[in-house]
Amino acid sequence: MADAHAHLSSLLALFAVARPGAHYPDARGVREWLTLLATPWAGRTAVKPELDPCSGLPTRRTLEQLHERRRLARAYFEAHRAQPQRSSDQFNAALAAAHLWSPGSHAKVVSAERNQSRLLVVHDRFDESGSIVRFSALATVGGSRHVKLHGTTCTLGGPFELAVEKACAMTTTAAALQLAALEGLTVHEVVRGELGPCVTEHFGALHGLAPGVLSLVLERVGETVASDHCADAWPEDDAHAAKRAARGGRRSRERRLICTPERHAELQAVAAPSRMLVRSR
């Protein structure tokens with residue numbers, strides 16, 4: 001347990017340096033999720049952190065336990081007409097007030113005309129590696145085949161939501177191609193932001209790197225990408241590159257390594273040949 005708390009404290013410090021943007025899983029939700037698990041709560045009511053040995057992130061099961069416990073805690077406070085405080089030193093009160101990251105899909109309207117709308121479809125999930133990812137697809141949809149519009153917001157239809165979930169279980173290129181195959185949908189770009197692994201002396205692994213590093217990868221695929229580009233020493237195989245290129249799509253992939261100050265020079269030497277960005281502050 002002490003190892004888990006120490007690891008999560010290191011992860012939170014690196015996460016603060018990383019400052020991931022909107023193309024990554026919800027930063028506030030991730031930070032509060034990690035903070036709840038990193039805090040050494042008094043008593044026995046807190047959810048025990050379970051960490052993935054490879055990604056160094058909390059597991060899906062741990063997140064699901066927190067969401068269920070939060071539902072019960074909020075019901076308790078509502079029944080007693082009380083307002084939980086995020087700063088409370090009591091786990092259930094802090095949990096009831098917390099904003100937790102949640103896997104799932106949603107969309108918003110970017111622009112709308114009479115017969116078609118441009119949408120930003122977002123899907124957050126755990127990757128098979130144990131890291132967490134966000135897919136953001138910019139697409140044009142005709143009519144109400146896949147979504148129900150409500151002004152500047154929209155609701156995903158059940159079959160479309162399932163199609164998004166299925167497509168985003170694949171690589172960025174495969175997701176773009178599969179979504180583009182849906183009738184009435186034109187996909188302009190798909191972005192995949194990956195948070196993890198985080199490597200400390202207790203958990204996490206990334207190509208033999210020493211402890212004190214958090215990895216973030218941003219990959220873009222589509223017609224809006226200016227040119228093919230790769231700044232990653234360990235890129236995924238792009239098995240559908242030829243099919244993507246035939247449709248005018250290009251791929252840009254960049255990895256950032258966030259590290260402790262004492263690791264910066266060493267990681268800069270590792271990153272230089274592939275032009276990866278290294279940050280320690």
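Those strands (runs of 3 or more DSSP E) of region 110-179 in which at least 2 residues are at pLDDT below 85 and not basic (Lys, Arg), considering only elements entirely within it, cover 116-126, 147-150, 153-156. Does Gly193 satisfy the condition of being touching a Lys or Arg at 6+ places or on another chain (Cβ under 6 Å), open to solvent by less than 30 Å² (accessible area, probe 1.4 Å) and closer than 22 Å to His123 by Cα? Judged against the criteria, Gly193 is a match. If you go through region 1-31 and keep only what is open to solvent by less than 20 Å² (accessible area, probe 1.4 Å), closer than 22 Å to Arg134 by Cβ and part of a helix (DSSP H, G or I), you end up with Leu8, Leu11, Leu14, Phe15, Ala18, Gly29, Val30. Just a yes or no: is a residue in region 204-218 open to solvent by 10 Å² or more (accessible area, probe 1.4 Å) and under 19 Å from Ala27 (Cβ atoms)? There is at least one residue in region 204-218 that is open to solvent by 10 Å² or more (accessible area, probe 1.4 Å) and under 19 Å from Ala27 (Cβ atoms).
Condition check for Cys230 on (1) loosely packed, with under 14 Cβ neighbours inside 10 Å; (2) touching a residue at least 24 places away in the same chain (Cβ under 8 Å); (3) not aliphatic (A, V, I, L, M): one failure, at (1).
The number of residues in region 43-58 that are touching a residue at least 60 places away in the same chain (Cβ under 8 Å), part of a loop (DSSP other than H, G, I, E, B) and touching a strand residue (DSSP E or B) at 6+ places or on another chain (Cβ under 7 Å) comes to 4.
Within the bounds of region 177-184, is there any residue that is farther than 16 Å from Leu277 by Cα, open to solvent by less than 20 Å² (accessible area, probe 1.4 Å) and out of contact with any strand residue (DSSP E or B) (no Cβ under 6 Å at 6 or more places or on another chain)? No; the residues of region 177-184 include none that is farther than 16 Å from Leu277 by Cα, open to solvent by less than 20 Å² (accessible area, probe 1.4 Å) and out of contact with any strand residue (DSSP E or B) (no Cβ under 6 Å at 6 or more places or on another chain).
Residues are listed down the side, and each one gets a yes or a no for (1) crowded, with 19+ Cβ neighbours inside 10 Å; (2) of a type in the set (Ser, Thr, Tyr); (3) in contact with a His (Cβ under 8 Å, 6 or more places away or on another chain); (4) assigned to a helix (DSSP H, G or I):
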position	(1), (2), (3), (4)
Trp33	yes, no, no, yes
Arg74	no, no, no, yes
Phe77	no, no, no, yes
Ser87	no, yes, no, no
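Restricting attention to region 242-281, which residues are hydrophobic (A, V, I, L, M, F, W, C), open to solvent by 30 Å² or more (accessible area, probe 1.4 Å) and either under 29 Å from Ala176 (Cα atoms) or assigned to a strand (DSSP E or B) (or both)? Hits for region 242-281 are Ala242, Ala245, Ala246, Leu277.
Screening Met170 on (1) open to solvent by 50 Å² or more (accessible area, probe 1.4 Å); (2) of a type outside the set (Lys, Arg); (3) farther than 24 Å from Ala245 by Cβ; (4) within 23 Å of the chain's Cα centre (by Cα) shows it passes everything except condition (3). Of everything in region 104-127 that is free of Cβ contacts under 8 Å to residues at least 40 places away in the same chain and under 25 Å from Arg60 (Cα atoms), the residue that is least open to solvent (accessible area, probe 1.4 Å) is Val122.
Residues are listed down the side, and each one gets a yes or a no for (1) within 25 Å of Phe15 (Cα to Cα); (2) touching a helix residue (DSSP H, G or I) at 6+ places or on another chain (Cβ under 9 Å):
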| residue | (1), (2) |
| --- | --- |
| Val164 | no, yes |
| Cys168 | yes, yes |
| Leu179 | no, yes |
| Glu183 | no, no |
| Leu216 | yes, yes |
| Ala231 | yes, yes |
| Trp234 | yes, yes |
| Ala246 | no, no |
| Glu254 | yes, no |
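The values are calculated or read from the model by the stated rules, or taken from the named source; none is laboratory data. Model, not experiment: these values are computed from the prediction. Neighbour counts are summed over all protein chains in view; Cβ atoms, including those assigned to glycine, are modelled from backbone coordinates with ideal geometry. Heavy atoms of the whole protein, side chains included, go into the accessibility calculation; ligands, DNA and RNA do not. Shrake-Rupley method; radii C 1.70, N 1.55, O 1.52, S 1.80 Å.
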